[in-house]
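The structure appears right after this line, and notes come after that.
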Amino acid sequence: MRKGKIVRVSGPVVYAKGINASMYDVVRVGEEELIGEVIKIVGNVAVVQVYEDTTGLKPGDPVYSTGKALSVHLGPGILKSIYDGIQRPLDEIAAQHGVFIARGASATPLDQKKKWSFEAKVKKGDRVSIGSVLGVVKETELITHRIISPYEGTIKDIKSGDYTVEDVIGEIEDKGVKKDLKLAHYWPVRKARPFVEKYPPHVLLTTGMRVIDTFFPIAKGGTAAIPGPFGSGKTVTQQSLAKWSDADIVVYIGCGERGNEMTEVLHEFPELDDPRSGKPLMERTVLIANTSNMPVAAREASIYTGITLAEYYRDMGYNVALMADSTSRWAEALREIGGRLEEMPGEEGYPAYLARKLAEFYERAGRVKTLSGEDGSVTIIGAVSPPGGDLSEPVSQNTLRVVKVFLALDASLAQRRHFPAINWLNSYSLYKEGMQEWFAENVSSSFYDKSERAMELLQREAELQEIVQLVGPDALPDREQLILIVARMLREDYLQQNAFHEVDMYCALQKGDAMLDNILSFYHLGLEALKRGVEVKKINDMNVVESIGRMKYEKDVEKIKAIKAEMAKEFSNLEA
Amino acid sequence: MKEYKSINQIAGPLVFVEDVEGVSYGEIVEVVLDSGEKRKGQVLDVSEKVAVVQVFGPTEGISTGSAVRFLGETMKIGLSEDMLGRVFSGLGVPIDHAPAPVPEERLDVNGLPINPASREPPSDFIQTGISTIDGMNTLVRGQKLPIFSGAGLPHNKLAVQIARQAKVLGENEQFVVVFAAIGITHEEAHFFIRDFERTGALERAVLFLNLANDPSVERLMTPRIALTTAEYLAFEKDMHVLTILTDLTNYAEALREVSAARNEVPGRRGYPGYMYTDLASLYERAGRVAGKKGTLTQIPILTMPGDDKTHPIPDLTGYITEGQIVLSRDLDRKGIYPPVDPLPSLSRLMSSGIGEGKTREDHSRVSDQLYAAYANGRDLRALSAVVGEEALSSTDRKYLQFADAFEQRFIQQGYHEDRSIEQTLDIGWELLAMLPERELKKVKKEHIEKYMRRFQKGKNEAKDKHSKE
C-alpha cells in the first residue's frame, strides 16, 4: 500500500500523486481518510472523486490506495437497512454522530455482532461452483436468505450453527488452495453479477395500479421509465410501486432527491402490510438514500450499489424490483464530475458517455436462470426528471431508447388531481402483447381484450374532444356523446386511483377486471338503449352511474360484479 | 495565518494567488487593500502552485500588490439567542447600530447534511389563515414550500401575512422568523422591516440583508448564514423557526455570474450544471429531526423570469422543494388577493398534516373536489369563450359559476383576514353546494350530510332524492 499526496483539490475532485493505483480503485484521502474512487489517471497523477465533502483538504495531505474496487458487502442483514450511496448504514452513523452526517464517518454495512442461525445445505466433500447455495439464514420474517458461494471448489468443512457475518462457517478447497467460507462476501459494484441465461419477459409484475396493470403492464425482469415534470407524482408513483408490486424484494434508491421522502418510506413501510403475506413491507425492503444535499460523487455510486444488491437477491431466486428515483440526478452527478475533470461535454453539458452508462445500467435488469439453477429477476423502474418537463433532453431520450415501458406523467393531469397522472395516450408498454397468455391464465380470458377496447374508447374520446372544443358537446350525435360519457367513466372511475385511500390504494387484478367489465357493459347496454330511441341524457342520469363511480372504494369483488345485474335492470326500465 | 503578496490574475470575482503552501479547499481568505480595507473570500480550487479565491464583494481596488491572508478555517458565523430582534448585513455583521451579540458558538455556514435516518416526517399542520394554502396546499412544520411569483406580484405581502398569522393549532408557541433578503431592493427590505416592527414581530425575528447594491457574490453566503442561524435556533435552542428567503432568483443569478467567471461549462441557459446540487444544499436545510424539539420550516420566494415555470430556477427548485405556491398574474389582474393559483400549486406533505385530529375529517376530500371542480370550470371557461355559454349544458354552466365564485370567495381574502381552517373548509362546502350533488364524486356522502346540507336550504329537494338513502 503506497502513500501518496494530494496535489490539487477542486470541489469533489482531488488529484493525487504517487499512489500507484489502478482505475476504479478505492482510495482514502486526507487525515480523516475520506473515501474516494480513482476515475482517471494521467501520468503519475490519479484523479479521485471523493464521496464526502472535501472542505479542508489541502495539497500535501496523504492519500493511499486500498487496491480494491468499490464493493458492497453481501450477506444477511441487508434487508430493512437504510444505506447511503456507498453502503454505509445511515442509522448506525446517526447513532455514532447524531442527526447530521459528519465527515469521515464510518460504519460497517452489515451488523458485525448479530448472530444468524445458519442451516447448511451442502456437506463435506460436495463440489460447489460460484453461485451455489451453501445454506440458508432466516433474514426477516418474510425472506430466507440463501448464502451463495463466492468460490468454486470442494467443501472441506461446513457446519450449521449461529454465526456473525465475520465468523468462518466452513472451508473450501480448489486446486490445492484453501479458502474460508463466511456468511457474507464482497462484490464490486460496477461489475454485473453473472447468471446462466436470460428469459424473455412474459410474467407480469403486478403493481396494484390499474392504469399500469391494465394498459401498460411491466414484466418481471423488465425495464420501465417514469418521466415527468415536478409535481406530476413521480415519487408517489414510485412509492406505490414499491409498496404494492408483487416483488419479493424491493430496493429503493433515493438518488439526489428529498430527505423527507426517504424518511417517509422509513416511517411508513414498517406500518404497512404487504397485501399478499400480511407482513410489514419493510421486511422485504432495502433503502439507499443519497439525498440531494449529500455528496455528489456518492450519488453517482448509489445506482450501482443498489443494482448490485438487487442482483444479489435475484441470485437467491427472488423477484426483485428496483426503484431509482431519480436517474436524472444521477446523470447530473456524472455531468458535475465530468465538468470538474474538464472533459469535452456532449449535449447540454452531459458527458459523451451518458448514453452508454444509462444503457449499461438498464441492461442489468432481467429475468434469469441463476447460477444455482433457480429463476430470479430484477425489474428496474427509473424515474426521470426532465428539466421543464421537456422530454427532448438527453437523459429522457437516452433512457427511452433502452426501456420497454414508458409511463408518461402529465402535469396537466396532475393539476386536475387525476392521479396517477399517467397519460394514457402517450404511454406505452412493449411487454403487453407478450403477456396475452399470462393474462388469460391468471386474470380472465377476456381481460386483455377488454383493456384493448377500453383504450380504443379513450382514443376515440381524444379525437372527439377536439371537435367538442369547436362546437360544444351537444352538437355531437348521441352515439358519440355516449362514448364521451363512457370515456369519462374510464378516466375518473378506472384510471384514477387514490394512493392514500385505504381501499383504493391497491387494486387486485380480479377487481380491476370486474370494474372494467361493468364499464364496458354500460357502453354496450347504452348503445342498445340508443337504438331503442332512448335519449343519451337519460343514460347519463342513471343511478348506476353513481354505483360505478364508487366501485373503486369497494373491497368486495362480488359486490362489484353485482352492479352488472343492477345495471341491466335499470337499462331495461329506460323508456324511449 | 499565512500572508502572500503573489496575486497573479484577477478575473471577475476571482483572484489567483501563486506559490501558496498549506492552503486548504474551502478556506476563508482576507484580501487587504492598499487602503487597509479588508475583503473576505473563499478558496475554490487549490493546487500545489495556485489557489483560486472567490472574493465576497467587489474586486475593485484589488491589485497584484494586495496582500492575501489565509485564515485557516472555513466560513463561520458566531451565534447566540441574542440575535433575535437584530438586523445584520448579508455577511452577518450587525447594521442596526448596536454592538454585535456575544457568540455562544461558532458554526460553519455550509452546515452538514441531515441524516435521512434521523429525520422525522413533518406532520404538524401550520394554519396560515390563508384559504388557498390551508385548504388546498397545506403547509406543515418542517416543510420547504416556496412561493413561485413574478415581477410585480404581491409575494412579499403574502410572505409577511404568512409570517404574521402562522400558528400551530393548540399550541401557544409562536414562530421565530429568520429572514434573509438576497439582492432585493431597499424599498422591499424596508417593507418587511416596517411590517415586522409594526406588528411587534421584529422581537422574535433575525434579519439578514443583502440588498441589490451589495456585492452579488455575497448573495451566495447570505442564505447560508441565515440557515445556519435558523438551524441553531431550531435544533439547539428548541424554537420553531420559519425561514423566509427572498429572492432566490437573485441568488441563482449570482451563482451563474461566479460560474461564468470561472469559465465553467454551462448547463441550461448558462446556469452551472451543479445548480441543482447547490440549491439543494440550501433547501434541504429544513425539517424535523429525531430528539429535537425545534423545527425549521422554509418559505423561499422566487420570481420566475418571464413567468415561466420551466425556467431553470423555478424548475430545479420545484424538483427539490416539497411543493410550491404559484402566484398568477391573471388573478392579480382581476384584483384578487392573494393571487394564488391553486391548480399549479401543490403541497407534497399535505396528506400527512391534515385529517381527523389534525384539521377536520373531510379536509382531503373537500380539497380534491374543489381542485377537480375548479379545474373543470376553468376548462369550460375556455370552451365557452369559443362556443358561447348557451351551447353548454346546464351542469357545465354551474361549473362556470362555481369557478367565478371560487375565485371571489375562496381565493380572495383580506391582507389582514386570518381564516380558521373550519372557516376555510366551510367556504369550500358552501361553494360545492352550487354543483349538482352527483358531480361530487370525491367526497363522502356522510360528509355531504354533515357539512354541506346547511348550505342547500331552499334548493329543489326533488333533485337530491336519489342521494337520500
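Calculate how steeply helix A:509-532 sits against the longest principal axis of the alpha-carbon atoms of chain A, using the helix alpha-carbon long axis, and give the answer as 0 to 90 degrees to the nearest 10.
Rounded to the nearest ten degrees, it is 20.
Find the percent of Cα-Cα distances in region A:2-70 that exceed 18 Å, and round it to a whole number.
18 percent
Can you list, bin by bin at 10 Å, the percent of alpha carbon pairs in region B:66-210, starting at 0?
Pairs per bin, as whole percents: 9, 32, 36, 19, 4, 1.
Before rounding to the nearest 500, sum -39500 (n - 2.57) across all DSSP H runs of length at least 4 in chain B and divide by the residue total; then give [θ] at 222 nm in deg cm²/dmol.
-8500 deg cm²/dmol
Taking amide H positions as placed in the peptide plane 1.01 Å from N, state which residues far from residue B:67 in sequence (5 or more) or on other chains have amide H under 5 Å from it.
Correct list: B:32.
When all alpha-carbon pairs of region A:197-433 are counted, what percent fall beyond 28 Å?
Summing the P(r) tail past 28 Å for region A:197-433 gives 26 percent.
Which angle between 0 and 90 degrees, to the nearest 10, do you get for helix B:222-231 versus the longest principal axis of chain B when only C-alpha atoms count?
70 degrees
How do B:434, B:83, A:294 line up, fewest other C-beta atoms within 10 Å first?
Fewest-to-most ranking of B:434, B:83, A:294: B:434, B:83, A:294.
Under a 5 Å amide H to amide H cut-off, with H placed in plane at 1.01 Å, what residues pair with residue B:72 once short-range neighbours are removed?
Placed amide hydrogens put B:28 under 5 Å from residue B:72.
Take residue B:423, project a point 7 Å from its Cα along the Cβ direction, then tell me which residues of region B:357-390 have their backbone nitrogen under 17 Å from it.
What the label zone holds, given the 17 Å backbone N cut-off, is B:360.
Just to confirm a number: summing +1 for Lys and Arg and -1 for Asp and Glu over residues other than residue A:51 whose beta-carbon lies under 10 angstrom from that of residue A:51, what do you get?
-3
Normalising by the residue count of region A:111-186, find the relative contact order in percent from Cα pairs under 8 Å and 6+ residues apart.
With pairs under 8 Å counted, the relative contact order is 30 percent.
With θ set to phi - 60° and the Karplus curve 6.51 cos²θ - 1.76 cosθ + 1.60, what are the ³J(HN,Hα) couplings of region A:390-401 in order, to the nearest whole Hz, using x for Gly and Pro?
8, 6, 7, 7, x, 5, 4, 4, 5, 6, 4, 6
Provide Rg over Rh for the protein assembly as shown; use the alpha carbon set for both Rg and the Kirkwood Rh (inverse mean inverse pair distance).
That ratio equals 0.99.
So who's got an amide H within less than 5 Å of the one on residue B:120, skipping anything under 5 residues away but keeping other chains? H placed 1.01 Å off N, in plane.
Those qualifying (amide H under 5 Å, at least 5 residues apart or on another chain) are B:288, B:289, B:290.
Toward the positive end of the charge dipole of region A:113-164, about the Cα centre and with charges on Cβ (Lys, Arg +1; Asp, Glu -1), which of A:163, A:151, A:133 goes farthest?
Value: A:163.
In whole angstrom, how long is each semi-axis of the equivalent ellipsoid of chain A, when you take the square root of 5 times every eigenvalue of its Cα gyration tensor and sort them from largest down?
Its equivalent ellipsoid spans semi-axes of 50, 29, 19 Å.
Step through the residues of region A:335-347 one at a time and calculate ³J(HN,Hα) from phi using the Karplus curve (6.51 cos²θ - 1.76 cosθ + 1.60, θ = phi - 60°), rounding each to whole Hz and writing x for Gly and Pro.
5, 5, 5, x, x, 5, 7, 6, 6, 5, x, x, 5
On a 0 to 90° scale, report how tilted helix A:557-573 is relative to the longest principal axis of chain A, with both axes built from alpha carbons and the result rounded to the nearest 10.
20 degrees
Treat chain B as a sphere of radius equal to its Kirkwood radius over Cα pairs and apply Stokes-Einstein at 20 °C in a medium of 1.002 mPa s; give the translational diffusion coefficient in µm²/s, rounded to a whole number.
88 µm²/s
With N residues in region B:2-73, what two-decimal value do you get for its Cα radius of gyration over 2.2 N^0.38 Å?
0.93
Quick one: net charge around residue A:494, please, counting Lys, Arg +1 and Asp, Glu -1 for every other residue with C-beta under 10 Å from its C-beta.
Neighbour charge sum, excluding residue A:494 itself: +1.
Report the calculated FRET efficiency for residue A:151 and residue B:105 (r = Cβ-Cβ distance, R0 = 35 Å), to the nearest 0.05.
0.05
Got a sec to turn the phi values of region B:51-59 into Karplus ³J(HN,Hα) couplings, 6.51 cos²θ - 1.76 cosθ + 1.60 with θ = phi - 60°, whole Hz, x for Gly and Pro?
Working through the residues one at a time gives 10, 9, 10, 9, 8, 7, x, x, 8 Hz.
Only loop residues by DSSP count here, and only those with at most 12 other Cβ atoms within 10 Å; note down the GluC sites (Glu not before Pro) in region A:130-216 that meet that.
Those satisfying the criteria are A:141.
For each of B:429, A:438, count neighbouring Cβ atoms within 10 Å of the residue's Cβ, then give the residues from fewest to most.
So the ranking, lowest neighbour count to highest, is A:438, B:429.
Give me the orientation-averaged projected area of the Cα convex hull of region A:475-528, in nm², one decimal.
Averaged projected hull area, Cα only: 4.2 nm².
For region A:379-513, what Kirkwood radius comes out of the mean inverse Cα-Cα distance, in Å?
It is 17.2 Å.
Expressed as a rounded percentage, what relative contact order does chain A have, with Cα pairs under 8 Å and six or more residues apart?
13 percent
As a quick test, which of the pairs B:144/B:358; A:68/A:404; A:5/A:68; A:234/A:432; B:157/B:442; A:357/A:404 have an alpha carbon distance above 28 angstrom in this structure?
Exceeds cut-off: A:68/A:404; B:157/B:442.
Roughly what percent of Cα-Cα pairs across region B:363-468 reach past 24 Å?
26 percent
What does the charge count around residue A:95 come to, taking other residues whose C-beta lies under 14 Å from its C-beta (Lys +1, Arg +1, Asp -1, Glu -1)?
Its environment carries a net charge of -1.
FYI, it's all coordinate maths here, none of it is from the lab. Please read these numbers as outputs of a predicted model, since none were measured by experiment. A quick note on method: Cβ atoms are made from the backbone with ideal geometry, for glycine too, and the neighbour counts reach across all protein chains shown.
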